[in-house]
Amino acid sequence: MTTIVWFRQDLRVADNPALTAARDGPVIPVFVFAPNEDGAWAPGGASRWWLHHSLARLKEALEGLGSTLCLRTSDDSLRALLALAQECGATRIVWNRRYEPAIIARDQRIKTALRQAGLQVDSYNGSLLHEPWNIQTKSGGPFQVFTPFWRHCLSLPDPMEPLAAPSLIAPDRWPFCATLESLDLLPHIDWAGGMRAAWTPGSIGAHESLQRFLAAAFEDYGALRDRPAVRGTSRLSPHLHFGEISPREIWHATRQFAQGRDANNAWRQSQFLAEVGWREFAHHLLYHFPQTPTAPLRSNFARFPWASNEAALAAWTRGLTGYPIVDAGMRQLWQTGWMHNRVRMIAASFLVKDLLTDWTHGARWFWDTLVDADLASNTLGWQWVAGCGADAAPFFRIFNPTTQASKFDPVGAYIRRWVPELLRLPDDWIHRPWDAPSGVLATAGIRLGTDYPQRIVDHDVARKAALEALAVVKN
């Protein structure tokens, strides 16, 4: 029995339930690039760059198992799968599930049509610790607060041990396979140098990142996780999004590493694995509230009086707001396709609450520029900051970018890395150059408004305006 394994966001050979389930006969691994089927959420530029390299690494891994990756491009995945099944005489098609609303609907249509065509079809959970429909409150509904959600997850049996990469049987004859270059994933103008320097897509890079984190940062995770100037987090989010590593692999590797060490490791372990839990929570919410990528979960926020200021939005996207910590984060994002999570919160709060810009504009920008652009996590993060989602920070919690920077980047190392115009500014003024004496600015070679922008808004004034806008929602 020849089986087609349809790869999607599970670009790995180990702990891949669909691939393991197909090992009883000849296997045809395939990736169908059909971005139009993602609806409004086709992969952005940074995600396409990552996907190109991740597919190359997956092809190498499959070749190491005596197989290969067959690539197809199509505007209709069903048509592509049916054609491939006919070409290679396949009688079964398997895949690991995705959880975005448009993809759930598409997969249901595809599964029905394939079965009507006489094919056996099976799907598996290769992306989450728990299926979203299996986690329920005592009343049988979805959770909307993280802590009880994760407490419930932790009360369940531990996730099963990860699966080893299976042995694969190659077909007698391979069908037509497109080249990776024909998918046209890489930018035509090469703007990806910063991402190449920062990342190693693929399963090998994913496991190297995990081991580097456990060896170098895990012991100080509580102290380092909010410091953007140091590598204190795992940086696994893009690897998880593309399925180059599974949450089960992270779970068990972390548990194994923490065993037998000092007593504080249980606390560090729970902190880090709660980040995996936050991702689970994001997918739980997206599954149960599919409208949330474009609409607030808290419907009263639909009345929020957002401002319309294209110039301010453009300054934010380019890292030219005049607030060094915000600008550093936005420039890190543009150059590397990633931003430290603490700075994401600061930059997002600034857009939504200082500039009163609809959070969906920020979510769209992140979608196109993040290598870890994930619909569930992106939606939860932005609605959390905007105060309009599940378990959200209240809108009146308005981050002061200056005090946040002073707390989490105290000597300005992160700012100097990404905003080199301020390199020579003393520590006392690095977070608030608008207050620096003219002599200090001159010595540092800075002319505000020329070398580095003036603030586009006064935070104290903006905070007052944000609270006045919130009153509209409350009333």
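Bear in mind these aren't lab numbers, they're just calculated from the coordinates by the rules spelled out. This structure is a prediction, so every number in the text was calculated from the model and none was measured. Every residue, glycine as well, gets a Cβ built from its backbone with ideal geometry; the counts of neighbours run over all protein chains shown.
Bridgeable lysines around K464 (alpha carbons under 21 Å apart, same-chain partners fewer than 8 residues away excluded): K353, K474.
When the Cα positions of A90, A105, V32 are compared along the charge dipole of the range 3-126, A105 comes out farthest toward the positive end, with charges on each C-beta of Lys, Arg, Asp and Glu. Here's how it looks for W191: its modeled amide H is under 5 Å from none belonging to a residue 5 or more places away or on a different chain.
Suppose every K and R has +1 on its Cβ and every D and E has -1 on its Cβ; what is the size of the dipole of the range 3-126 about the Cα centre, in Debye to the nearest 20?
On the way: 15 positive and 13 negative charges, 22 e Å.
Computed charge dipole of the range 3-126: roughly 100 debye.
Just so you know, the Rg over Rh for the range 299-474 is 0.97, from Cα atoms, with Rh as the Kirkwood radius.
Three principal axis extents of the range 253-348 based on alpha-carbon atoms, in descending order, are 55, 35, 19 Å.
Only one residue of A165, F143, Y452 has its Cα farthest out toward the positive end of the dipole of the chain, where Lys and Arg carry +1 and Asp and Glu -1 on Cβ, and that residue is F143.
Under the criterion of Cα pairs below 8 Å and six or more residues apart, the relative contact order for the range 152-297 equals 21 percent. Phi angles of the range 27-37 translate, via the Karplus equation with coefficients 6.51, -1.76, 1.60 and θ = phi - 60°, into HN-Hα couplings of 10, 10, x, 9, 10, 9, 8, 9, x, 5, 6 Hz per residue; Gly and Pro are given as x. Calculation over all alpha carbon pairs of the range 115-187 in 5 angstrom steps from 0 returns a P(r) of 3, 9, 12, 11, 12, 13, 11, 10, 10, 6, 1 percent. Left without a cysteine partner by the 4.7 Å Cβ rule in the chain: C88, C153, C388. A cut-off of 5 Å between modelled amide H atoms, ignoring neighbours fewer than 5 places along the same chain, links F33 with R72, T73, S74. Here the chain is assigned +1 on the Cβ of each Lys and Arg and -1 on the Cβ of each Asp and Glu. Its dipole about the Cα centre then comes out at about 640 debye.
Stokes-Einstein diffusion for the range 3-126, with the hydrodynamic radius set to the Kirkwood value over Cα pairs and evaluated at 37 °C in a medium of 0.692 mPa s, equals 222 µm²/s.
What fraction of the DSSP beta bridges in the chain is antiparallel, stated in percent and rounded to the nearest 5?
Bridges in the chain that DSSP calls antiparallel: roughly 5 percent.
Defining a contact as two alpha carbons under 8 Å apart and six or more residues distant in sequence, what relative contact order in percent does the chain show? RCO, the chain: 17 percent.
A straight Cα-to-Cα reach below 12 Å connects K111 with the aspartates and glutamates D122, residues fewer than 8 places away in its own chain not being considered. When the charge dipole of the chain is built from unit charges on Cβ atoms (+1 for Lys and Arg, -1 for Asp and Glu) and taken about the Cα centre, the candidate among G205, I398, W367 whose Cα reaches farthest toward its positive end is I398.
Quick one: divide the alpha-carbon radius of gyration of the chain by 2.2 N^0.38 Å and tell me what you get. Show your work: numbers first, answer last.
On the way: Rg = 23.7 Å, N = 475, 2.2 N^0.38 = 22.9 Å.
Relative to the rule-of-thumb radius for its length, the chain sits at 1.04.
Modelled label positions at S270 and W174, each set 7 Å beyond Cα in the direction of Cβ, lie 5.0 nm from each other.
Before anything else, pin down the relative contact order of the range 299-474: Cα pairs under 8 Å, at least 6 apart, normalised by residue count, whole percent. Please list the in-between numbers first.
Values: 228 pairs, mean separation 48.5, N = 176.
Rounded, it is 28 percent for the range 299-474.
Per DSSP helix of 4 or more residues, -39500 (n - 2.57); summed, then divided by the residues of the chain. What does that give at 222 nm, rounded to the nearest 500? Working shown, then result.
Details: 20 runs with 218 residues, N = 475.
That calculation yields -14000 deg cm²/dmol at 222 nm.
Under 16 Å from a label point set 7 Å out along the Cα-to-Cβ vector of Q256, the amide N atoms of the range 195-226 belong to 204, 206-215. Each peptide in 460-466, 404-410, 393-399 gets a packing score, the mean of other Cβ atoms within 10 Å over its residues, and the list from highest to lowest is 404-410, 393-399, 460-466.
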